[in-house]
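Structure first, commentary second.
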Amino acid sequence: MLKTIFSTCLFFSVVIARHEQYEGYALYEVTITNEEQAKLIKQLENQIPVDVWTHLVPGNTGQILVPKDQRKEFQNELSAIGIEYKIETDNIREQLLLEDELLAAASKNRNGFSSRIGLSFDTIHNYSVVDQYLVDLASQYPETVTVVSGGRSFEGRDIKYLKISTTNFEDRSKPIVYLESLIHAREWITLPATLYAIERLVIDVTEQDLLEDIDWIILPILNPDGYEFTHTENRFWRKNRATNYTDGDSCLGVDLNRNFGIFWGEASSVNVCSETFHGLGPFSESETSVVQNILAEYGSRIEIFFDIHSHGSLILYGYGLGALPPNALVINYVGVTMAHAIDNVKWDSNKDYTVGNVYYVLYAASGIASDYALGIGIPLSYTYELPSYRGSSGLNGFLVDPEFIEQAGFETWEGLKVGARYVRDLDKRRHRH
Ligand code: 0X9
Ligand code: ZN
C-alpha cells in the first residue's frame, strides 16, 4: 500500500516536473489582414522568443505560442501595430498533463501485458522500445525482415530501418516502396502509421501481394534525439538536438526537413533559434545523411517515397518553391486516389484529406526530404500530414488521442497501399513490354 502511494506520488511529480517549462505559456490566435502585418510578425519573431505555429497569411488566423514572461510585451507590440488577437489556450501545460493522463490510462487498461506479438497501439512507444522491436522482428522473421543501422544521430542513437522482402532485396525487378516517419520530433501520431505498415507486412499479413511484389524500406524514427527529448523534456520539440551552432545562448537544433540537398537555404531560416533553421549546409546533419545514403544505394529502384508528418490531413507533393515536376498530373492523381482511400475509412469527426503542391496548399519550403527524393528521380514522392488531435489547429494538433492511435495506423495504411499498388501495377506493365 505504502509502495503504491509512493509510486503514485512519484508518477505525478515526474509528470509535473516534465512540463514545467510550459507553465503559463499561452497560445494566441492572431489574425492579420495584409502583407505588411505579416512582415511585422516576422520582425516580432526575431525580437521576442515566440513560436509561430501556423503560417500567417493575410485573411487567415495563425497560432503563436508565447512564453509566460513575454506575454505582456507580445500583447503590447500587437496592439501597437494594430493586429488583432485572441488567447486560445491560457496555460498550455494543462493540455500536456491531460495528454499524459489519457495515454497512461489507456495503456493501463491492458494490465501491463499484451498477447500480441507486435507493439501495442494503445500508447506512443518511446525510442528504445521501438529500436529493440526492430531488432526483435528481424530475428523472429529472418525470412522477410532485415534490420539495418543506417547511421547515428547527433547524440549517438542508432537510426535503424527495416528491409522487408521475400527475396532479400535480390530480385531487382521488384519496385521498392520507401516509408519514414518522425523527422519532426513532436509529430507522435506518425509513429503508429509506420508501425502499422510493418505489422501488416511482417506479422499479420492479410494481403500477400504487397509483400510478394514489393520490397519495402521502413524507417520509423529518423530523429531519435528530438523524439526522445519530446518524451523527457519538451513535448513540442520539432528539430534535432545538434549543438554545433548555438547562438551563444539557449538555441539549438536543425530542422531536418530543411536540411536536404535540394533548393537548400532558399525558403528556410539561417537563424538557429528558428523552428526552420536549415543547418550549416545541405546534409550537414547525420540524420539527413542516413536518408541520403539509403537513396544513393536504392534510389534507382524506389518508385514511391513517403515521409509521414502531422498535422492537417494533407497529402503534399513538391516542389516546395512552387514549381511542379513534369509528371505532376500523375503525382496529383495518385495523391487524390490515396486520399480517397483514407477518407473512405476515416473517422467522421476528422476532415477529408486535401491533396496538392506544398507551396500552394501550405507555404514555401526548401531542403525537404520528399523534394529531395523527387529531385533525384524517384517518380512519386509525398509528404503525408496525418489528422490533427480532435480537429485542433496549431500546437494542440500535435497531441495524441489514445483512441486514435490504431485508427491512425489503419487509415494511413489504406492510403499507402494504394500508392504501393499503383507502382507495382505500373511496374508489371513496364516489364510486359
Ligand atoms: O514544413 C514541413 O516540413 C512539413 N510540414 S510540418 O507541419 N509537418 O512541419 C511540410 C513539408 C511538405 N513538403 C513537400 N511535400 N514538398
Ligand atoms: Zn513535420
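Within the set 416, 386, 426, the sole residue that is buried (at least 23 other Cβ atoms within 10 Å of the Cβ), more than 16 Å from ligand 2 (Cβ to nearest atom) and under 25 Å from residue 319 (Cβ atoms) turns out to be 416.
The condition (being modelled with pLDDT under 95 and either assigned to a loop (DSSP other than H, G, I, E, B) or not polar (S, T, N, Q) (or both)) is satisfied by just one residue among 372, 319, 363, 333: 363. Cβ separations smaller than 6 Å between residues 6+ apart or across chains give the following pairs from the stretch 376-388 residues that are more than 10 Å from ligand 1 (Cβ to nearest atom) to residues that are aromatic (Phe, Trp, Tyr): 378/305.
List the strands (runs of 3 or more DSSP E) inside the stretch 21-98, counting only whole elements, that have at least 2 residues being among the polar types (S, T, N, Q), at negative phi and at pLDDT below 85. Break it down stepwise before answering.
On the way: elements: 26-31, 61-66, 84-89.
Passing ranges, in order: 61-66.
Name the residues in the stretch 275-303 that are without any contact (Cβ under 8 Å) to a residue 40 or more places away in the chain, of a type in the set (A, V, I, L, M, F, W, C) and part of a helix (DSSP H, G or I), would you? Matches in the stretch 275-303: 296 only. Of all residues in the stretch 216-270, those satisfying the criterion of being modelled with pLDDT of 95 or more, more than 14 Å from ligand 2 (Cβ to nearest atom), in a loop (DSSP other than H, G, I, E, B) and of a type in the set (Phe, Trp, Tyr) are 263, 264. If you check 271, 234 for being under 19 Å from the mean Cα position of the chain (by Cα) and either over 22 Å from residue 374 (Cβ atoms) or within 12 Å of ligand 1 (Cβ to nearest atom) (or both), only one passes: 234. The residues listed here are 355, 336, 361, 330; of these, the one that is among the hydrophobic types (A, V, I, L, M, F, W, C), crowded, with 19+ Cβ neighbours inside 10 Å and without any contact (Cβ under 8 Å) to a residue 60 or more places away in the chain is 355. Could you pull out the residue among 430, 421 that is away from ligand 1 (no atom under 16 Å from the Cβ), free of Cβ contacts under 8 Å to residues at least 12 places away in the same chain and farther than 18 Å from residue 181 by Cα? Going through 430, 421 in turn, the sole match is 430.
Just one of (1) more than 16 Å from ligand 1 (Cβ to nearest atom); (2) not in a loop (DSSP other than H, G, I, E, B) fails for residue 204. It is (2).
Listed here are the residues, each with its yes/no results for (1) buried (at least 19 other Cβ atoms within 10 Å of the Cβ); (2) within 16 Å of ligand 1 (Cβ to nearest atom); (3) of a type in the set (A, V, I, L, M, F, W, C).
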{"site": "222", "(1), (2), (3)": "yes, yes, yes"}
{"site": "230", "(1), (2), (3)": "yes, yes, no"}
{"site": "241", "(1), (2), (3)": "yes, no, no"}
{"site": "262", "(1), (2), (3)": "yes, yes, yes"}
{"site": "266", "(1), (2), (3)": "no, yes, no"}
{"site": "276", "(1), (2), (3)": "yes, yes, no"}
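Tell me, yes or no, whether the stretch 348-356 has at least one residue that is closer than 24 Å to residue 238 by Cα, outside any helix (DSSP H, G or I), within 15 Å of ligand 2 (Cβ to nearest atom) and of a type in the set (A, V, I, L, M). No, because not a single residue in the stretch 348-356 is closer than 24 Å to residue 238 by Cα, outside any helix (DSSP H, G or I), within 15 Å of ligand 2 (Cβ to nearest atom) and of a type in the set (A, V, I, L, M).
The values are calculated or read from the model by the stated rules, or taken from the named source; none is laboratory data. Quantities reported herein were computed from a predicted structural model and do not represent experimental measurements. Note: ideal-geometry Cβ built from the backbone for every residue, glycine included; neighbour counts use all protein chains shown.
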